[in-house]
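The values are calculated or read from the model by the stated rules, or taken from the named source; none is laboratory data. As the structure is a computational prediction, the values presented were derived from the model and not from experiment. Cβ coordinates were reconstructed from backbone atoms using ideal geometry, including for glycine residues, and neighbour counts include every protein chain displayed. Remember, those area values only see protein heavy atoms, side chains included, never the ligands or the DNA or RNA. Shrake-Rupley method; radii C 1.70, N 1.55, O 1.52, S 1.80 Å.
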Amino acid sequence: MIKLVIFDMDGVLTSTTDEHFNAWAQLFLKYYQIKLDPKLEVKTKGVSRIDSLNVLLDHYQIVCDESVKQELATEKNEQYQQFISAYDESHRLPGIIRILDYLKHKDIKMALGSASKNGPFLLKALKIDAYFDYVVDPSLLKGKPNPDIFLDAAQHFNLDPKECMGVEDAVAGVLAIKRAGMIALGLGPEDLSLADHQVKTFPELTLEKLEDLLKGTL
Ligand code: B16
Ligand code: MG
């Protein structure tokens, strides 16, 4: 039986995909006069800030030293934080409260397992922070697709990975959940064939299906 559900943030609880990518786009236009190819967005999904920057720099074969990368990442984050500064409960993805309430009612612990260092701000802005028993700090952990973010949450509650389920919208995230040895619920339009079950949106997930996932009988 699942005792802990670990939620990703971007693409699961809210959508900050455009805000992340537009902040990168502004930066690349300003410093490199490059208009980012929108197809690159998927390669930065669920990937840490610095790893996302490396994906973009590598794609355009731009070489720069670590201190410049840090400055670029900081400026991107400042722009991103401006974009999300007005986020509130209207920015919740549809159907999340029904799922969070159901898990709470079943006494199942909930954790945030986001690659984003802005996760705690967004939980508060969306007014769902009270549901969460633990927020993984991704700063010192290896990013997705490594399993570390998900394993950290299991360890916090002294649980076996088999007692945990992760919810993810990105390929890197689903890979991280499966590498952690957990049940993976995929969400959204990406092809997440490694997930144990996938729905496009939370309203599509019936409570019967959720119950099967929690009991491991799917
Ligand atoms: P930050 P998730 C990820 O969120 C985003 O999908 C990804 O685009 C971003 O680079 C990463 O968070 C880091 O975010 O710059 O705010 O620390 O899907 O893991 O919730
Ligand atoms: Mg995500």
Give the calculated FRET efficiency between Glu71 and Lys127 to the nearest 0.05, with a Förster radius of 25 Å applied to their Cβ-Cβ distance. 0.15
Straight distance only, please: which lysines reach the Cα of Lys45 with their own Cα at less than 24 Å, same-chain residues fewer than 8 apart left out? Lys30, Lys35, Lys69, Lys76, Lys117, Lys124, Lys127, Lys142, Lys144, Lys178, Lys200
Per residue, how much space in cubic angstrom lies within the convex hull of the C-alpha atoms of the chain? 111 Å³
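Rounded to the nearest 5, what % of the DSSP beta bridges within the chain are antiparallel ones? Intermediate values should be presented prior to the final figure.
On the way: 1 of 19 bridges.
Close to 5 percent.
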Springs between alpha-carbon pairs under 10 angstrom, Gaussian network model over the chain: which of Ser67, Ser114, Ser90 fluctuates most? Ser67
Any chance you could run the full-extension gain for His59 through Lys35? It's 0.36 nm times the residue separation minus the Cα-Cα distance, nm to one decimal. 7.4 nm
Connecting every pair of Cα atoms under 10 Å apart in the chain and solving the GNM, the largest mean-square fluctuation among Val63, Val12, Val47 falls on Val63
How much length is gained if the chain between Asn158 and Lys142 is pulled fully straight, taking 0.36 nm per residue apart and subtracting their Cα-Cα distance, in nm to one decimal? 3.8 nm
Ranking Phe7, Phe132 from most to least accessible area with a 1.4 Å probe gives Phe132, Phe7
At 1.4 Å probe size, put Arg49, Arg179, Arg98 in order of accessible surface, largest to smallest. Arg179, Arg98, Arg49
Counting only heavy atoms of protein chains, what accessible area per residue, in Å², does the chain have with a probe of 1.4 Å? 49 Å²
Projected-area average for region 17-84 over all orientations - Cα convex hull basis, square nanometres: 4.0 nm²
Tell me, in nm to one decimal, what length is gained between Ala86 and Lys117 on full extension, where the rule is 0.36 nm per residue of separation less the Cα-Cα distance? 9.4 nm
Summarise the accessible area of region 17-84 (1.4 Å probe, protein heavy atoms) by the percent that is carbon and sulfur. 50 percent
The chain: most fluctuating residue of Glu204, Glu168, Glu19 per GNM, C-alpha cutoff 10 Å: Glu204
